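See below for the structure under consideration.
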Amino acid sequence: MTSHELAILSLQHDGLSFTWKGPDQEHLERIALAVDGALDLMRAGHLAPRGMAKLLVAALDSYAGASPELDEVIAHKDDLMTIIDGYSGDGKFKAEVKKDAKTRTITVRASGKKLSDVVPVAFLVPAVVAGFLFSEEEAAPAKKPATTTKTHLQPLHISH
């Protein structure tokens with residue numbers, strides 16, 4: 001991923017786009033495989049959290065009367081499912097992948113009715129963490145602030 005000449009990721013109201021241009025055909029093939037894997041994970045990112053939520057909501061009634069807090073959650077389990085359905089899709093979003101060997105470019109456009117049909121909220125947290133972990137840029141070390149003493153008109157010398 002880091003040996004690119006150009007990489008653009010953009011989010012739209014109905015999905016996302018990704019464009020990557022690499023130095024040679026080998027890198028293009030590798031990124032094409034990575035794109036296929038990312039799309040598979042995005043589709044699974046909808047279904048796995050949705051399935052787990054359904055399992056948890058199905059088990060809630062077993063805990064009726066255990067605590068007032070749980071009883072309140074049980075009373076709103078239909079609302080919970082509405083929220084889960086609203087922030088995750090079914091994984092059946094449209095994905096166009098265009099690979100151009102001549103320009104060594106791959107362009108991806110994944111779209112649905114809304115952004116959360118393509119990128120579920122449950123998928124965003126690990127994606128952000130991965131972005132920080134795999135980032136090659138390191139933060140510049142903080143410079144030590146210059147200090148002055150309260151004496152009469154001493155010049156301030158700052159060394160780098």
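Read-outs throughout are calculated quantities, based only on the coordinates presented, and are distinct from any laboratory measurement. All values reported here derive from a predicted model rather than from experimental measurement. All Cβ positions, glycine included, derive from the backbone under ideal geometry; neighbour counts span all protein chains shown.
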Point to revise | Cα-centred dipole magnitude for region 6-133, charges only on beta-carbon of K, R (+1) and D, E (-1), debye, nearest 20 | key: 760 debye
**Study point:** Positive dipole terminus of region 6-133, leading residue within Gln25, Gly45, Ser62 (C-beta point charges)
**Key:** Gln25
Review point. Relative to the Cα centre, what is the charge dipole magnitude of region 51-118, using +1 at the beta carbon of each Lys and Arg, -1 at the beta carbon of each Asp and Glu, and rounding to the nearest 20 debye?
Key: 1040 debye
Exercise for review: Take the cross-link list Lys94/Lys114; Lys21/Lys92; Lys54/Lys77; Lys21/Lys113; Lys77/Lys113 and give me the ones stretching past 21 Å between alpha-carbons.
Suggested key: Lys21/Lys92; Lys21/Lys113; Lys77/Lys113
Practice item. Note the full-extension length gain between Val121 and Leu60 as 0.36 nm times their separation in residues minus their Cα-Cα distance, in nm to one decimal. Key: 19.7 nm
Revision key, fill the gap. With 0.36 nm assigned to each residue of separation and the Cα-Cα distance removed, Ala48 to Arg30 gains 3.8 nm
Review point. Once you have the alpha carbon radius of gyration of region 6-133, what is it after dividing by 2.2 N^0.38 Å, with N set to its residue count?
Key: 1.36
Exercise for review: Could you point to the residue in Leu11, Ser116, Thr105 farthest towards the positive end of region 6-133's charge dipole, with +1 and -1 charges on the Cβ of Lys/Arg and Asp/Glu respectively?
Suggested key: Thr105
